[in-house]
Amino acid sequence: MLRILAYHRVTKTNGKDTLDCPNISASPESFARQMEHVARHYRGVGMPEVLDAIKSNVPLPERSVLITFDDAYADFSEIAWPILKQFRLPATLFVPTAYPDHPELTFWWDRLYQAFATSTRTVLPESPLGPLPLENTAQRQRSLLAIIRHVPTMPHDAAIGLVDAVCAQLVDRPSRHASVLSWNQLRQLANDGVTLGSHTRTHPIMTQISSIQIREEIKESQQDLLREIGFAVPIFCYPNGNYNDSVINVLREEGISAAFTVVPGENRLESTDLLQLGRTCIWPRTSLPIFRLRLRRAGIRLDAWR
């Protein structure tokens with residue numbers, strides 16, 4: 001069985017009186033303890049080894065663990081990768097390929113977080129969920145999460161329109177900064193042994209765009225990697241974990257060998273649908289005892305049942 005871990009960002013978490021930042025998976029200290037556990041008790045495998053096993057139809061070593069990171073946040077090279085190298089663990093980084101070298105592009109959830117965190121308003125007057133209170137940190141956190149959960153349920157253009165409208169109500173000048181690794185940094189990581197994979201170009205919810213856009217996002221992200229890195233590994237990660245049969249069919253037609261969800265589950269390469277590989281998502285509340293449990297077969301089954 002192949003265990004697959006999914007991370008987004010490893011960085012310092014916010015204090016108790018500030019909003020929790022979306023997509024922080026672990027603090028550097030927690031991540032180091034998790035990787036030490038993996039190195040001691042499991043066999044870290046890289047994506048090339050997994051793809052070779054798929055192609056050759058040979059089993060992976062016992063207790064294999066594949067470590068993946070979504071979104072290619074800039075702090076990966078500063079924090080997570082040095083820890084992984086310390087424990088000699090390989091990693092795969094899924095890149096939304098329109099973002100490198102374009103600091104004007106910011107993920108929609110980060111835009112919302114920055115707006116909610118910095119706004120001086122005490123209420124968000126207009127939203128599809130009605131007025132949302134912002135009088136204290138707890139209310140801001142609940143209101144932010146409510147909007148973040150609502151966005152993926154909308155068609156893509158309407159969803160981005162909602163993000164624009166919410167941010168405009170909360171702040172006069174949205175904060176924008178480079179949050180994704182540059183192509184030069186990505187090339188260095190690739191030379192250092194990190195596998196780079198496609199995470200679309202613009203990170204849309206794949207079930208909320210047209211069939212033409214689905215193909216463009218998949219094909220052009222592969223082309224970007226080929227142009228910038230020199231090769232494109234036939235792997236794909238679903239943004240936000242959203243996919244359906246139409247997306248899977250396009251991936252298959254475009255020659256993608258393996259695609260990664262955010263649904264927990266047991267991965268048996270001889271029987272699991274390789275375009276629906278399950279991953280165990282790690283979040284700040286994943287303590288070391290819980291982390292250990294979630295790597296066990298019983299823990300993976302419990303995650304899947306939940």
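The values are calculated or read from the model by the stated rules, or taken from the named source; none is laboratory data. Small disclaimer: the values here were computed from a predicted structure and weren't measured. Cβ: placed from backbone, ideal geometry, glycine included. Neighbour counts: every protein chain shown. Quick note on the areas: whole protein, heavy atoms, side chains included, nothing else; ligands and nucleic acids left out. Shrake-Rupley method; radii C 1.70, N 1.55, O 1.52, S 1.80 Å.
Amide H of residue 134: which non-local residues (sequence gap of 5 or more, or other chain) have their own amide H closer than 5 Å, using H built in the peptide plane?
Sorted by chain and number, the residues that satisfy this are 123, 124.
Among the trypsin sites (Lys or Arg not before Pro) in the range 3-84, which ones are in a DSSP loop with at most 15 other Cβ atoms within 10 Å of the Cβ? Mind listing them?
Here the trypsin sites (Lys or Arg not before Pro) that fit, given the DSSP loop and packing criteria, are 12, 16, 63.
Using Cα-only point scatterers and the Debye equation, what is log10 of I(q)/I(0) for the chain at each q in 0.07, 0.13 Å⁻¹, rounded to two decimals?
With no solvent term, the Cα-only Debye profile gives -0.27, -0.97.
Considering the zone a paramagnetic label at residue 211 would reach in this model (a point 7 Å from Cα along the Cα-to-Cβ line), which residues of the range 240-273 have amide N under 19 Å from it?
243-256
Tell me, in nm to one decimal, what length is gained between residue 150 and residue 175 on full extension, where the rule is 0.36 nm per residue of separation less the Cα-Cα distance?
Here the answer is 6.8 nm.
Residue by residue through the range 267-283, what is 3J(HN,Hα) from phi via Karplus (6.51 cos²θ - 1.76 cosθ + 1.60, θ = phi - 60°)? Round to whole Hz and write x for glycine and proline.
Running phi through 6.51 cos²θ - 1.76 cosθ + 1.60 with θ = phi - 60° gives 9, 10, 4, 7, 9, 6, 5, 5, 9, 9, 5, x, 9, 9, 7, 9, 10 Hz.
For the chain, what is the calculated [θ] at 222 nm in deg cm²/dmol (nearest 500), taking -39500 (n - 2.57) for each run of four or more DSSP H residues and dividing by its residue count?
Mean residue ellipticity at 222 nm (helix-derived): -12500 deg cm²/dmol.
Positive end of the charge dipole of the chain (Lys, Arg +1 and Asp, Glu -1 on Cβ, about the Cα centre): tell me which of 105, 229, 53 has its Cα farthest that way.
Selected residue: 53.
Between residue 105 and residue 272, how many nm apart are label points set 7 Å from Cα along the C-beta direction?
For the pair residue 105/residue 272, the computed spacing is 2.9 nm.
Pick out, from 129, 276, 165, the residue whose Cα sits farthest towards the positive end of the charge dipole of the chain, with +1 on the Cβ of Lys and Arg and -1 on the Cβ of Asp and Glu.
276
Can you run phi through the Karplus equation (6.51, -1.76, 1.60; θ = phi - 60°) for the range 121-132 and list ³J(HN,Hα) in whole Hz, with x for Gly and Pro?
Whole-Hz 3J(HN,Hα) from phi for the range 121-132: 6, 9, 7, 8, x, 10, 7, x, 9, x, x, 10.
Relative to 2.2 N^0.38 Å, what does the C-alpha radius of gyration of the range 1-116 come to as a ratio? Two decimals please.
For the range 1-116, the normalised Cα radius of gyration comes out at 1.20.
Between residue 254 and residue 123, how high is the FRET efficiency from 1/(1 + (r/R0)^6) when r is the Cβ-Cβ distance and R₀ = 35 Å? Nearest 0.05.
0.15
Could you estimate the translational diffusion coefficient of the range 53-175 from the Stokes-Einstein equation, with Rh from the Kirkwood formula over C-alpha pairs, at 25 °C and 0.890 mPa s, in whole µm²/s?
D = 141 µm²/s.
Distance between the C-alpha centers of the range 167-232 and the range 113-162? Whole Å please.
Measuring centre to centre over Cα atoms gives 25 Å.
Could you give the length gained by full extension between residue 142 and residue 55, i.e. 0.36 nm per residue of separation minus their alpha carbon distance, to one decimal place?
26.7 nm
Would you calculate the separation in nanometres between label points at residue 192 and residue 168, each defined as 7 Å from the Cα along the Cα-to-beta-carbon direction?
Placing both labels 7 Å along Cα→Cβ, they lie 4.1 nm apart.
Using Stokes-Einstein with the Kirkwood hydrodynamic radius over Cα pairs, what translational diffusion coefficient do you get for the range 265-306 at 10 °C and a viscosity of 1.306 mPa s, in µm²/s rounded to a whole number?
The calculation lands on 143 µm²/s.
Please give me the summed charge of the neighbours of residue 253: other residues whose Cβ is under 14 Å from its Cβ, Lys and Arg +1, Asp and Glu -1.
Taking every other residue near residue 253 into account, the sum is -1.
Kindly report the accessible area of the range 5-134 per residue (heavy atoms of protein chains, probe 1.4 Å, no ligands, DNA or RNA), in Å².
For the range 5-134, the solvent-accessible area averages 44 Å² per residue.
How large is the charge dipole for the range 230-306, taken about the Cα centre, if only the Cβ atoms of Lys, Arg (+1) and Asp, Glu (-1) carry charge, to the nearest 20 debye?
640
Please pull out the direction-averaged projected area of the range 199-306, using the convex hull of its alpha-carbon atoms, in nm² to one decimal place.
8.1
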